[in-house]
Amino acid sequence: MKTNVLIIGSGGREHALAWKLAQSPRIGKLYVAPGNGGTRQVAENIPIEATDIDGLVKFAEKNEIGLTVVGPDDPLALGVVDTFRLRGLRIFGPTRTAAEIESSKAFAKNLMSEANIPTATFKIFSEYNKALSYVRERGAPIVVKASGLALGKGVYVCKTLAEAEGALAEIMVDYAHKEAGNEVVVEEFLDGQEISIHVFCDGKTFVLLPPAQDHKPIHDNDEGKNTGGMGTIAPVSWVSADTLKIVGEQVVRPTIEALTKCGRPFSGLLYPGLKMTSTGLKVLEFNARFGDPETQSYMRLLKTDLLDILEACVDGTLAELAIEWNSGFAVCVVIASGGYPDEYKKGVPLRGVAEAERVSNVVMFHAGTIFENELKTSGGRVLGVSATGNTLRDALNSAYEAARLIQFEGMQYRSDIGAKALSTT
Ligand SMILES: Nc1ncnc2c1ncn2[C@@H]1O[C@H](COP(=O)(O)OP(=O)(O)O)[C@@H](O)[C@H]1O
Ligand SMILES: [Mg+2]
């Protein structure tokens, strides 16, 4: 029996998921809502926004969707999983209350401190004056975070006290992130390398994916503003099997148990962001969905049928499934619009994409693209050039060879994706 699948979202992550699901021998019709200029090559794009829960439910019922996969965080926070389940529709992702592990940093921090999960020391505030005195008492460096979902722009890593005061004013006085800033987490600055851990969960069993590393700041050497993510590598060689075991036992297991205990069992994908500090690993935050652009690397390495895995997570049968990965490395280099992460132009024609796709071991995952007679930009992060290789260096060489063939006005990408990992080993 074939299964019709609906993927919710429009980024590179969703293109990578669609690319992989399209290869399943059991896939029926594959839809992406709303999708992008790349997803239309492997699936049918449906003009329904990711946050239009009613529209998505109606579409799933009418088109006999056997599995819906949620890409981004906002539909999860709106309760898309709860709504689908109430209607008897199968959907991959956590319920609204379980997804609060991502959508409320205050909730996540409290849960971590109750469950003894290693994380930066913190305090939570809803009053500006109290937050201000705490920041002044602690001094810089210090990190100020809007608790709610803020499009990846709610975290301020402050090197000086003046920056921290500015951050508090922006969030709590100017209301820059709206209700997402009703609560503010002020926490200790953590030094060290950052890694992304992804975990498939079915509510009881959990399975770790290989470790990945994202590159958040816009410029080389981690300079400039934070972005949604400018490139990934997987696996990260210096993260040992022992370290992964520690992550499983000291972070993932207690988190899943604590969520179950407070009546919010988690199924779907749990993605803790970690810092490897000199005093051990610490959790920066949790996400309740696949990372973007981590997914663009993971889908290139995954051997097992993704449909089998997602269904096992939904059905609670993950313990029965062996998940296999290809050997070697996968990388993704993100090509962004000029000006991103601030203002940027849209509708810029793209050149060289077909040529770049012909580079061996390269698959192009689209993010902010739209096809209107020709391929044009429609977002900040435009393309994810993914490549595989026997070594990390091989994979990076292929990705950059392809990236150099792409041309559009203002385009920018980091030239040092994976460089830190190459020099750490
Ligand atoms: N305590 C911290 N110390 C140092 N850097 C941090 C800290 N918390 C967050 N960061 C940096 O800020 C980025 C964004 O923070 P995060 O908590 O992951 O929020 P979000 O992804 O929701 O914007 C992280 O990827 C990390 O680079
Ligand atoms: Mg993050």
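Any read-out appearing in this document is the output of simple, stated calculations on the displayed coordinates, not a laboratory observation. Keep in mind it's a predicted model, so treat the numbers as computed, not measured. We place every Cβ from the backbone using ideal geometry, glycine too, and count neighbours over all the protein chains shown.
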> How large is ³J(HN,Hα) for each residue in region 97-114, as worked out from phi by the Karplus curve 6.51 cos²θ - 1.76 cosθ + 1.60 (θ = phi - 60°), to whole Hz, x for Gly and Pro?
Replying inline: 6, 5, 5, 5, 4, 9, 7, 10, 5, 5, 4, 4, 5, 4, 4, 5, 6, 5
> Along the positive direction of the dipole of region 190-309 (beta-carbon charges: Lys, Arg +1; Asp, Glu -1; about the Cα centre), which of TYR271, THR227, LEU301 reaches farthest?
Replying inline: TYR271
> Ranked highest first by average number of other Cβ atoms within 10 Å, how do 104-112, 357-365, 136-144 line up?
Replying inline: 104-112, 357-365, 136-144
> How about region 238-301: which chymotrypsin sites (Phe, Trp or Tyr not before Pro) there lie in a loop by DSSP and see at most 10 other Cβ atoms within 10 Å?
Replying inline: none
> By average Cβ neighbour count within 10 Å, what is the ranking of 190-196, 338-344 from highest down?
Replying inline: 190-196, 338-344
> How much length is gained if the chain between GLN407 and SER278 is pulled fully straight, taking 0.36 nm per residue apart and subtracting their Cα-Cα distance, in nm to one decimal?
Replying inline: 42.3 nm
> How much length, in nm to one decimal, is gained on full extension between GLU61 and GLN41, taken as 0.36 nm per residue of separation minus their Cα-Cα distance?
Replying inline: 4.8 nm
> Once the dipole of region 3-93 is set up with Lys and Arg at +1 and Asp and Glu at -1 on Cβ about the Cα centre, which of GLY71, PRO25, GLY55 lies farthest towards its positive end?
Replying inline: PRO25
> Kirkwood hydrodynamic radius (Cα pairs, Å) of region 193-418?
Replying inline: 18.4 Å
> What are the ³J(HN,Hα) values, in whole Hz, obtained from phi via the Karplus relation 6.51 cos²θ - 1.76 cosθ + 1.60 with θ = phi - 60°, for each residue of region 66-80 in sequence order, with x given for Gly and Pro?
Replying inline: x, 8, 10, 10, 8, x, x, 7, 5, x, 5, 5, 7, x, 4
> What is the dipole size for region 149-288, taken about its Cα centre, with +1 at each Lys and Arg Cβ and -1 at each Asp and Glu Cβ, in debye to the nearest 20?
Replying inline: 540 debye
> Based on the Cβ-Cβ distance from ALA354 to LYS123, what FRET efficiency comes out when R0 is 56 Å, to the nearest 0.05?
Replying inline: 0.60
> Once a ≥ b ≥ c are taken as the square roots of the eigenvalues of the Cα gyration tensor of region 226-265, is the result rounded (a/c under 1.5), prolate (a/b larger than b/c) or oblate (a/b not larger than b/c)?
Replying inline: oblate
> Let a ≥ b ≥ c be the square roots of the eigenvalues of the Cα gyration tensor of region 53-210; is it rounded (a/c under 1.5), or, if not, prolate (a/b larger than b/c) or oblate?
Replying inline: prolate
>> So if I place +1 on the C-beta of Lys and Arg and -1 on the C-beta of Asp and Glu, and nothing else carries charge, what would the dipole magnitude of region 3-93 be about its Cα centre? I want it in debye, nearest 20.
In response: 400 debye
> For region 235-252, in order, what is each residue's ³J(HN,Hα) by Karplus, 6.51 cos²θ - 1.76 cosθ + 1.60 with θ = phi - 60°, in whole Hz (x at glycine and Pro)?
Replying inline: x, 9, 4, 6, 8, 7, 4, 5, 4, 4, 5, 4, 4, x, 7, 9, 10, 5
>> Looking at region 3-93, I'd like the Rg to Rh ratio, where Rg is from alpha-carbon atoms and Rh is Kirkwood's inverse mean 1/r.
In response: 0.92
> What dipole magnitude, in Debye to the nearest 20, does the chain give about its Cα centre under +1 on Lys/Arg Cβ and -1 on Asp/Glu Cβ?
Replying inline: 360 debye
> How large is the helix-only mean residue ellipticity at 222 nm for the chain, computed as the sum of -39500 (n - 2.57) over DSSP H runs with n ≥ 4, divided by its residue count, in deg cm²/dmol to the nearest 500?
Replying inline: -8000 deg cm²/dmol
> Shape of the chain from its Cα gyration tensor (a ≥ b ≥ c, root eigenvalues): rounded if a/c is under 1.5, otherwise prolate when a/b > b/c, or oblate?
Replying inline: rounded
> In terms of the ratio Rg/(2.2 N^0.38 Å) built on C-alpha atoms, what value belongs to region 91-135?
Replying inline: 1.43
> Arranged from highest to lowest average of other beta-carbon atoms within 10 Å per residue, in what order do the peptides 376-384, 240-248, 306-314 appear?
Replying inline: 376-384, 306-314, 240-248
> LEU209's amide H: which non-local residues (gap 5+, or another chain) put their own amide H closer than 5 Å, with H modeled 1.01 Å from N in plane and none for Pro or chain starts?
Replying inline: HIS198, VAL199, PHE200
